[in-house]
Amino acid sequence: MTARPRPGLSIFWQTLLLLLASVAAVFVVTILLFTVAPPPRPDFNSLSDIAEALAGRRLPRERIWQAVDLPDARHEAAVPPDRRSPPPLDDLPRDRLLATREQAAEPRPDPEMIESRRFSRRLADRIGVSPDRVRLYFGPDQRVGIPFRSGRERRVIVRRGEPLFFDTVLAGYRTDAGTWRVVRTPPRPFFPAWQQRILLLFGLSLLAVIPFAWLFARALAKPIRRIADAADRMGANPQAPLIVEEGPAELRVTAHALNRMQERLSAYLTERTNMIGAIAHDLRTPLARIAFRIESAPDEMRQKVQGDIEQMRAMIAATISFVRDTGGSAEMRSLSLDRLVTDLVDSEREIGRPVRLVQAEPITLLGDAMALRRLVQNLVDNAIVYGGEAELSVRREGEFAALRVADRGPGLPPAALEAMFRPFERGEPSRNRSTGGIGLGLSISRAIAQEHGGSLVLANREGGGLEALFRVPIRD
C-alpha cells in the first residue's frame, strides 16, 4: 500500500499567496512610477505663446500674477494683481502646441467660444500692431459648479501676468499683405500624457505579475496533468506505474486515492487472471483422460472426438497465453518502432511470406519490445490469412506514432469491425483451424496497445481490403 500523502500548501493558500504577491508587486511598481516619473502638468497655452506664434519671433514675458473673472461674453472684470513673488518659469514642452496657417478670410470662432477685448488689446500690444488687426477667441476653461455660485460664471487663470487658456484658442493676425495668420489649439490627443502614464503603470504591473501567475499555473497544472495521464493509463492497464503524489494538498490526496484504487484493481485483476489460468491449466487433465478412453471407440467416432479434443487443447493453450500476455506489466524502455517493424518484415520475407514495408519513418518511443513485436506479428498473420498479403507503414502523426497493416482481402461488414476484438471472435465463421486461428490474436493486440497508452482499430480500405491502425503516443 502507498504511504499517506505528505502535507503541503492547499490550493486556497497558494491562490491567496499569489494574490498577495500580485498586490505587493503592483504596489511597488506604483510607488516607483510615481516617485521616478515627473508629476503631471496641465496642458495650456499662454497669451505670450499665442503672440509668439502670430509674430513668428520670441517676445518678452510679463511677471505679474493676475486672475480675470468673465461673467459672460460681453462684460469683463479685472482682479488686482497679486504681489507674491512668482515661481520659476515653466518651459516644459506641451502636448497641444499651437498650429499656424495662412488664410485669406478672417477667422471665425466656434459656437462655444467667447472674445475678450482686453485680452485682444494685450495680444496686439505684445505683437506691436493695432487692436483692429488682431482677433482672439477662446473657450472658457472652468465652469464654476460649487454651491452659491452661478453656473454661467467663467474664469481665466492669469499666471505671471500671462492668461492661461486650458481649452481651445483661436487667434488671428492680419498681415501687411492683407492675409490672416491664424493659430489654433489642435484637438486633444486620443491618449494624453497622464493617460499614457496610467497605461504604463498597468503594463509594468502586468509584467511584474506575469512571472508569479506563470509559476503558480505551472505548479498547479503539472500535477493535474500527471494525474489525468496516470488515470488514463490506469484505465488501459491497472498495473501501470503509480501516480507521483506531489503538488498542493488537494492534489496529493487525489493522487493517493487513485493509487489506492489502482492497487485494489491490480490485486483483483491478478487474482482473476490467476484463477482463469488455473482453470485452463486444470482442464488439460480431464482432456487427457478423455483422449485415453476414446482410444477403444470405433474409428469414426474416435476421429471426431479426437478433433474436438485437439480444438479444446488449442483453445486452452491460447487462453493461457492470453492471460499470461495481458496479465503482467513489462518494463518500458526506449526503442525504435521503425527498426522493430523493419526487422519483422525482413524475417517474414526470409521465409517467403508476402509481406512488404511501404514506409518507415524514424520513431523512438517507450515500450515493451517483445509485446509490440507480438502485436505486429498478430496483425501481419491476420492480413496474410484473410487477405493473402500484408502491407506495413510507420508514420509520425503529430505526437503519435501510427502503424498501419493493410491487406486486399474481402474486408468485413462495418458492424463486425469492433466485434473482431472480442475474445474467440473469428473473421472466418467456421471452426476449422486451418482457415483461421482461435480468435484471440486481435484481443491480445488491443490489450498490448492499451498497455502502451495507445489504440488499435480496424477499417475497410478503399478499393477493398482491411486496414489495422495502431496509434501510440511518442514518449521517448
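The values are calculated or read from the model by the stated rules, or taken from the named source; none is laboratory data. Because the structure is predicted, anything quoted here is derived from the model rather than measured. We place every Cβ from the backbone using ideal geometry, glycine too, and count neighbours over all the protein chains shown. Calculation scope for accessible area: heavy atoms of the full protein, side chains included, ligands and nucleic acids excluded. Shrake-Rupley method; radii C 1.70, N 1.55, O 1.52, S 1.80 Å.
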Evaluate the following for residue 95: is it part of a loop (DSSP other than H, G, I, E, B), at pLDDT 55 or above and open to solvent by 30 Å² or more (accessible area, probe 1.4 Å)?
yes
Please enumerate the residues belonging to the stretch 371-408 that are over 14 Å from residue 449 (Cβ atoms) and charged (D, E, K, R).
381, 389, 391, 395, 396, 397, 399, 407, 408
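For residue 377, indicate whether it is closer than 16 Å to residue 445 by Cα and at pLDDT 85 or above.
Yes, satisfied.
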Sort out which residues of the stretch 391-409 are over 15 Å from residue 353 (Cα atoms) and part of a strand (DSSP E or B), and write them in order of number.
393, 394, 395, 396, 397, 400, 401, 402, 403, 404
Within the stretch 458-476, residues being surrounded by 15 or more Cβ atoms within 10 Å (Cβ to Cβ) and on the phi > 0 side of the Ramachandran plot number 1
Taking into account only those residues within the stretch 342-389 that are among the β-branched types (Val, Ile, Thr) and buried (at least 16 other Cβ atoms within 10 Å of the Cβ), which is farthest from residue 459 (Cα to Cα)?
363
May I ask you to list the residues in the stretch 398-427 that are open to solvent by less than 60 Å² (accessible area, probe 1.4 Å) and at pLDDT 90 or above?
401, 402, 403, 404, 405, 406, 407
Suppose we filter the stretch 123-136 for residues that are part of a strand (DSSP E or B) and open to solvent by 20 Å² or more (accessible area, probe 1.4 Å); how many remain?
1
From the residues in the stretch 410-419 that are aliphatic (A, V, I, L, M) and not in a loop (DSSP other than H, G, I, E, B), which one is farthest from residue 456 (Cα to Cα)?
415
In the stretch 181-203, what residues are among the β-branched types (Val, Ile, Thr), farther than 13 Å from residue 97 by Cβ and either in contact with a strand residue (DSSP E or B) (Cβ under 7 Å, 6 or more places away or on another chain) or touching a residue at least 24 places away in the same chain (Cβ under 8 Å) (or both)?
182
How many of the residues making up the stretch 189-233 are outside any helix (DSSP H, G or I) and at pLDDT below 75?
3
